[in-house]
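> First the structure, which I've put down as structure tokens, then a few questions once you've had a look.
The values are calculated or read from the model by the stated rules, or taken from the named source; none is laboratory data. Remember, predicted model here, so these are calculated numbers, not experimental data. Virtual Cβ from ideal backbone geometry, glycine too; neighbours counted across all protein chains shown.
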């Protein structure tokens, strides 16, 4: 029975994991420090006690963790593996890209890898270069891998359950700066939705902003400033990056004629480039040249003022939107 | 029994030689790695497995597939891009799988199958199947982190995995002894708390015994074992390998050691009629010729299906 509870993002993830473990006996939950310690961010707290051996701690061996997930998934288990930081997935990329993504295709569907990788990314002050990267584009370049990026407590709950139920290998990229955020009303226990879709956060006629991840909050702040001056903006939060809701983006840009893509990941080769390219290829009539706001192609420094100088800020989004709307504003 | 073994090894040898012919004439394209000279390890190890068990091999895995009972026609068809191939041509020589025969795939990334095998055993712990997993890899894979991680993971959780290292002395084109300070590779397993044994891989009985004990131990919940089987490949790393790395006289010695020559000598010495021994090779070659001919006559997989099976 669906009910409404007040949860922050961490609590919503915990509730989703508990429901998956409860309703799908084939699920396993494991990773570094997830069981007895309850996870470094506490999101899996209490689950080992409640579900026993199906929730377990592992050695610091990302390749073994993900390889084991591929193998177990092909035999009917539904592993949910926590990779503590997305940066750590790089030591095990073989198991994601060469193995999990290939299982179904190269076997011609004789087997599959219905596994979920829960990880988190993003820049937080002082996190240092190897704990700050936004790497979704690496995954989106790999056909065969589904990618979700929830931000709100409700999406953190819903998308994780959709990912676990999905028969493709799916990476759910959370953001640690959001785990302990404010509680919000979350509907739990409702139907598990299929993967895909976007969130229409604002509706407007003058421009389209396509955004994903924690930076969405900065986009909303910037958009609200412009709204106060009479500029109305469509804001599409792409909570699913694969599958990507191209129709929604094309439809919106077709109406507004202006596109801004915002992501915290590096500009060059970022998925924003793909969005802009698809819009260009579509031939949709544009009133001004598309723009991107992204990490200014750089490593991420530790010192907060240095990181802030490189990462997208509200003012950057606002400035980009102003010049976007000024372009072709006849 | 010994004649059965000889036939089983000849089936693999004849399949590999037929694949070589098809590759050289251009019917099969791309990178192909043959297992000539290593047949005994696959035949003996697979003889100790049950249908429920899962084998994870490498790109040198054709012989393991045959030993698991994958029909040769479907293997040829796979390498020929035919719709009748085990994976309709999506897997190919180095990446085909046939889970319905307990053959869970080759792998072209050295060492990558080991952690996946650990997962198969992990699933076996929860699904009540009693499944154990066997993963085979070469000496070169011992220098991959994936194998070290997989062995420790299996040991830490007492998972039913049999790690089989086919030590054919070469990590692709480079002698393994040049790439390690400790040539006894089995000591890596011992160091992780995994019972390990080194056997003469050309001796079917030794491989059988080692595998049987490993399988029994895994099935009893006592965790993983490691078998280092010393063997030799009597062909190149891949078809076209110039093999300039081989010292003079090595191949001649290996041709004496390799398991088909060895078992043939044994059988003849035991008084088995020459015709009975020769019939194993003839029969295997006839089977493989027929399987390849049938596969060649099968239709190519339709290009319109190229994107099928990418997602569920």
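> Of the residues B:156, B:117, only one is at the interface with chain A (Cβ under 8 Å from one of its Cβ atoms), within 29 Å of residue A:26 (Cβ to Cβ) and under 19 Å from the mean Cα position of the chain (by Cα); which?
B:117
> When you check residue A:295 against the structure, is it in contact (Cβ under 8 Å) with a residue 40 or more places away in the chain and either in contact with a strand residue (DSSP E or B) (Cβ under 6 Å, 6 or more places away or on another chain) or not assigned by TED's automatic domain parsing to the domain that holds residue A:123 (or both), yes or no?
Here the answer is yes, as residue A:295 does meet what is asked.
> Continuing with the same structure: Report whether or not residue A:281 is over 18 Å from residue A:310 (Cβ atoms) and in contact (Cβ under 8 Å) with a residue 60 or more places away in the chain.
Taking the combined requirement at face value, the residue does not satisfy it.
> Taking residue A:45 as the residue in question, decide whether it is part of a helix (DSSP H, G or I), farther than 12 Å from residue A:160 by Cβ and out of contact with any strand residue (DSSP E or B) (no Cβ under 8 Å at 6 or more places or on another chain).
Against the criterion (part of a helix (DSSP H, G or I), farther than 12 Å from residue A:160 by Cβ and out of contact with any strand residue (DSSP E or B) (no Cβ under 8 Å at 6 or more places or on another chain)), residue A:45 does not qualify.
Yes/no matrix, rows are residues, columns are (1) surrounded by 18 or more Cβ atoms within 10 Å (Cβ to Cβ); (2) touching a strand residue (DSSP E or B) at 6+ places or on another chain (Cβ under 9 Å); (3) part of a strand (DSSP E or B):
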site: B:193; (1), (2), (3): no, no, no
site: B:198; (1), (2), (3): yes, yes, yes
site: B:214; (1), (2), (3): yes, yes, no
site: B:221; (1), (2), (3): no, no, no
site: B:227; (1), (2), (3): yes, yes, yes
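> Here's another thing I want to ask about it. Would you pick out the residues in the range A:227-242 that are surrounded by 21 or more Cβ atoms within 10 Å (Cβ to Cβ) and in contact with a helix residue (DSSP H, G or I) (Cβ under 7 Å, 6 or more places away or on another chain)?
Scanning the range A:227-242 gives A:233, A:234, A:235, A:236, A:237, A:239, A:241, A:242.
> Oh, and also: Determine if the range B:33-55 includes at least one residue that is buried (at least 21 other Cβ atoms within 10 Å of the Cβ), within 8 Å of chain A (Cβ to nearest Cβ), touching a strand residue (DSSP E or B) at 6+ places or on another chain (Cβ under 7 Å) and under 29 Å from residue B:218 (Cβ atoms).
Yes.
> Also, I was wondering about something else. Please verify whether residue A:139 is touching a strand residue (DSSP E or B) at 6+ places or on another chain (Cβ under 7 Å), in a helix (DSSP H, G or I) and more than 28 Å from residue B:85 (Cβ to Cβ), treating the condition exactly as stated.
In short, yes.
> Here is a follow-up. Hey, among the residues in the range A:94-114 that are in a loop (DSSP other than H, G, I, E, B) and facing another protein chain (nearest Cβ under 9 Å), which one's farthest from residue B:79 (Cα to Cα)?
So the residue we want is A:114.
> Considering only strands (runs of 3 or more DSSP E) fully contained in the range A:164-212, which possess at least 1 residues that are within 14 Å of another protein chain (Cβ to nearest Cβ)?
By residue number, A:170-175.
> Just for the range A:25-39: of the residues that are within 23 Å of the chain's Cα centre (by Cα) and assigned to a loop (DSSP other than H, G, I, E, B), which one is surrounded by the most Cβ atoms within 10 Å (Cβ to Cβ)?
Going through the qualifying residues, I end up with A:34.
> So for the range B:159-171 (the condition being over 24 Å from residue A:106 (Cβ atoms) and at the interface with another protein chain (Cβ under 9 Å from one of its Cβ atoms)), does at least one residue qualify?
For the range B:159-171, residues over 24 Å from residue A:106 (Cβ atoms) and at the interface with another protein chain (Cβ under 9 Å from one of its Cβ atoms): present.
> From the list B:247, B:273, B:303, exactly one residue is away from every other protein chain (no Cβ under 14 Å) and closer than 28 Å to residue A:102 by Cβ. Which is it?
B:303
> Can you work out which of the residues in the range B:166-183 that are in contact with a helix residue (DSSP H, G or I) (Cβ under 9 Å, 6 or more places away or on another chain) and part of a loop (DSSP other than H, G, I, E, B) is surrounded by the most Cβ atoms within 10 Å (Cβ to Cβ)?
Within the range B:166-183, the match that is surrounded by the most Cβ atoms within 10 Å (Cβ to Cβ) is B:168.
> Only one of these is assigned to a helix (DSSP H, G or I), buried (at least 18 other Cβ atoms within 10 Å of the Cβ) and free of Cβ contacts under 8 Å to residues at least 24 places away in the same chain: A:69, A:73, A:64, A:12. Name it.
One residue alone meets the criteria, A:64.
> Residue under question is residue A:52, and the condition is that it be out of contact with any helix residue (DSSP H, G or I) (no Cβ under 6 Å at 6 or more places or on another chain), part of a helix (DSSP H, G or I), surrounded by fewer than 20 Cβ atoms within 10 Å (Cβ to Cβ) and on the phi > 0 side of the Ramachandran plot; does it hold?
yes
> Within the range B:230-242, identify whether any single residue is in contact with a helix residue (DSSP H, G or I) (Cβ under 6 Å, 6 or more places away or on another chain), surrounded by fewer than 18 Cβ atoms within 10 Å (Cβ to Cβ), at pLDDT 95 or above and closer than 27 Å to residue B:67 by Cβ, and answer yes or no.
no
> Determine whether residue B:124 is assigned to a helix (DSSP H, G or I), facing chain A (nearest Cβ under 9 Å), surrounded by 24 or more Cβ atoms within 10 Å (Cβ to Cβ) and out of contact with any helix residue (DSSP H, G or I) (no Cβ under 8 Å at 6 or more places or on another chain).
Taking the combined requirement at face value, the residue satisfies it.
> Which count do you get for residues in the range B:127-153 that are touching a strand residue (DSSP E or B) at 6+ places or on another chain (Cβ under 7 Å), facing another protein chain (nearest Cβ under 8 Å) and more than 16 Å from residue B:58 (Cβ to Cβ)?
Total satisfying the criteria: 1.
> Something else: Only one of B:236, B:221 is within 14 Å of chain A (Cβ to nearest Cβ) and within 27 Å of residue B:46 (Cα to Cα). Can you tell me which?
B:221
> Tally the residues that are within 10 Å of another protein chain (Cβ to nearest Cβ) and buried (at least 24 other Cβ atoms within 10 Å of the Cβ), restricting the search to the range B:99-114.
Selection size over the range B:99-114: 8.
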